[in-house]
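For reference, the structure discussed in these notes is given below.
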Amino acid sequence: MPDYSHLTTATAQSTRTIERLLALRQQFRSDGVPARTLDEKLLLATWNIRDFDKPAYGERSDEAIAYIAEVISHFDLVALQEVYRDLTALKRVMALLGPRWRYIVTDATEDEPGSRSKRGNDERLAFVFDTGKVHFGGLAGELVLPSIKQSDGTYRPVSQIWRTPYMVGFECGWSRFLLATVHITWGSSEAEPATRVEEIRQVAQFLKRRTEDPTTWARNLILLGDFNIFAPEDQTFAQLTDAGFMIPEALQSLPSNAIKTRHYDQIAFRLQPDTRLDFTGKAGVFDYFQSVFRNEDEELFVAAMGERYHTTEKGKSKTSAGKKTYYRTYWRTHQMSDHLPMWVELKIDYSDECLQAKLEG
């Protein structure tokens, strides 16, 4: 559990933080998120944590950091996207999670000199995990796509993914597996941009080949993160299933965006038969806005939202509806995120099977 020693009831804000932490904890129980176990099951999650913590949007409040740490603490291993170049915000969360928790991050993605586009957006990809249960296996690397062989026998380099996917090997219980996390390029239209479809296709096919290589570090692979998929019917989604990845049915019908009905985030499996890692059938999305920064809490945060809450970019007063929209879709999503954590439960204890095999063998 996170460190609560700094919390008191000295102010209305700190009292509210305690009350909302209790509400979050109750919501985890009532929403059916399994309780963490010592060594039987692994709770794995992915969360795009929106511009964490980009200077343009201001740093997270202490209250938000407490809620973020609480959410992460209910899982064993979390893939995070949109961690900013400056790791101060992540370190604030880690301080609350305590000494058993560790993180592994990529370097920040650099943009081409002189380019007007911010392809990498100064972002990192990260894994945060409880070392009391999950262990770094020794393998970590950013995915680099291989060159394509031409008809004349030469090789042509390919365009790399805008934000380089990150693949790390982990060990937990009886299981060892590769986790690959991605943040696929964004497109503003539901008409799927070719770039996004091609990025997912190349990543999925590359990782498929990894799982078919008998010399790879582990052949069980989980691909997760923000794919910017609008709906399961889209071509982006098909790139995963065409490469043989299994996406739990429970997740296919659950949008993971807090503002729009979008299926941006996914968790997809390529698990080998007769290996010690299995999906238990339990999966979901956790909507923390039911407990913290709720719709009805708008007036509590007027002062914290500052001048932008009261005026438009041109300095004109916002309407009541405009202020409410600003709170719900902008301000609070830069305190928490506009994405919701997506999770799955995996079986990692095979003690009974081992003992039974010995008895029969």
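The values are calculated or read from the model by the stated rules, or taken from the named source; none is laboratory data. Keep in mind it's a predicted model, so treat the numbers as computed, not measured. Counting neighbours? That spans all protein chains shown, and the Cβs are built from the backbone with ideal geometry, glycine included.
Working only within the stretch 80-128, note down all residues that are aromatic (Phe, Trp, Tyr) and modelled with pLDDT of 95 or more.
Listed by number, the residues that qualify are Trp101, Tyr103, Phe127.
Considering only the stretch 32-47, state which residues are over 21 Å from Arg100 (Cα atoms) and at pLDDT below 95.
The answer is Gly32, and nothing else.
Out of everything in the stretch 327-347 that is part of a strand (DSSP E or B) and touching an Asp or Glu at 6+ places or on another chain (Cβ under 9 Å), what residue ends up being farthest from Trp47 (Cα to Cα)?
Looking at the filtered set, the residue picked out is Lys347.
Can you tell me which of (1) crowded, with 18+ Cβ neighbours inside 10 Å; (2) touching a helix residue (DSSP H, G or I) at 6+ places or on another chain (Cβ under 8 Å) is the one Thr164 doesn't meet?
(2)
Filter the stretch 304-325 down to the residues that are in a loop (DSSP other than H, G, I, E, B) and either under 31 Å from the mean Cα position of the chain (by Cα) or among the acidic types (Asp, Glu) (or both), then identify the one that is modelled with the lowest pLDDT.
Per the stated criteria, the residue is Glu313.
Restricting attention to the stretch 268-300, which residues are assigned to a strand (DSSP E or B) and acidic (Asp, Glu)?
Across the stretch 268-300, the qualifying residue is only Asp278.
I'm trying to understand the selection: among the residues of the stretch 36-52, which are surrounded by fewer than 24 Cβ atoms within 10 Å (Cβ to Cβ) and either under 18 Å from the mean Cα position of the chain (by Cα) or in contact (Cβ under 8 Å) with a residue 24 or more places away in the chain (or both)?
Arg36, Leu38, Asp39, Glu40, Lys41, Leu43, Arg50, Asp51
Return the residues of the stretch 129-159 that are in contact with a Leu (Cβ under 9 Å, 6 or more places away or on another chain) and surrounded by 15 or more Cβ atoms within 10 Å (Cβ to Cβ); say none if nothing qualifies.
Phe129, Asp130, Lys133, Val134, Gly137, Glu142, Leu143
If you go through the stretch 185-196 one residue at a time, do you hit one that is part of a loop (DSSP other than H, G, I, E, B), over 16 Å from Leu145 (Cβ atoms) and touching a helix residue (DSSP H, G or I) at 6+ places or on another chain (Cβ under 6 Å)?
Looking through the stretch 185-196, at least one residue is part of a loop (DSSP other than H, G, I, E, B), over 16 Å from Leu145 (Cβ atoms) and touching a helix residue (DSSP H, G or I) at 6+ places or on another chain (Cβ under 6 Å).
Starting from the stretch 63-82, keep only residues that are under 19 Å from Gly169 (Cβ atoms), then list their pairs with residues that are assigned to a helix (DSSP H, G or I) whose Cβ atoms are within a distance under 9 Å, requiring at least 6 positions of separation or different chains.
Val78/Val71; Val78/Ile72; Leu80/Ile72; Leu80/Leu90
Does the stretch 133-151 hold any residues that are out of contact with any Asp or Glu (no Cβ under 7 Å at 6 or more places or on another chain) and either assigned to a strand (DSSP E or B) or at pLDDT 85 or above (or both), and which are they?
Across the stretch 133-151, the qualifying residues are Phe136, Gly138, Leu139, Ala140, Gly141, Glu142, Ile148, Lys149.
Residues to consider are Tyr4, Tyr103; find the one that is under 25 Å from His135 (Cα atoms) and not in a helix (DSSP H, G or I).
Of the residues listed, the single one that is under 25 Å from His135 (Cα atoms) and not in a helix (DSSP H, G or I) is Tyr103.
Kindly indicate the residue of the stretch 305-358 that is among the hydrophobic types (A, V, I, L, M, F, W, C) and exposed (fewer than 15 other Cβ atoms within 10 Å of the Cβ) and also nearest to Phe269 (Cα to Cα) among those meeting that condition.
Out of the qualifying residues, it is Cys354.
Looking at the stretch 344-360, I want the residues that are charged (D, E, K, R) and have a partner that is surrounded by 10 or more Cβ atoms within 10 Å (Cβ to Cβ) and not in a loop (DSSP other than H, G, I, E, B) with Cβ atoms under 6 Å, at least 6 apart or on another chain. Which pairs are those?
Glu345/Lys41; Glu345/Leu43; Glu345/Thr280; Glu345/Lys282; Lys347/Asp278; Lys347/Thr280
Is there a residue in the stretch 285-303 that is in contact (Cβ under 8 Å) with a residue 40 or more places away in the chain and polar (S, T, N, Q)?
Looking through the stretch 285-303, at least one residue is in contact (Cβ under 8 Å) with a residue 40 or more places away in the chain and polar (S, T, N, Q).
Restricting to the stretch 1-34, name every residue that is in contact (Cβ under 8 Å) with a residue 12 or more places away in the chain and of a type in the set (Ser, Thr, Tyr).
Tyr4, Thr17
How many residues, within the stretch 304-343, are small (Gly, Ala, Ser) and touching a residue at least 24 places away in the same chain (Cβ under 8 Å)?
The qualifying residues number 2.
Just checking, which of Leu80, Leu7 is surrounded by 14 or more Cβ atoms within 10 Å (Cβ to Cβ), over 30 Å from Ser351 (Cα atoms), not assigned by TED's automatic domain parsing to the domain that holds Asp130 and not hydroxyl-bearing (Ser, Thr, Tyr)?
Leu7
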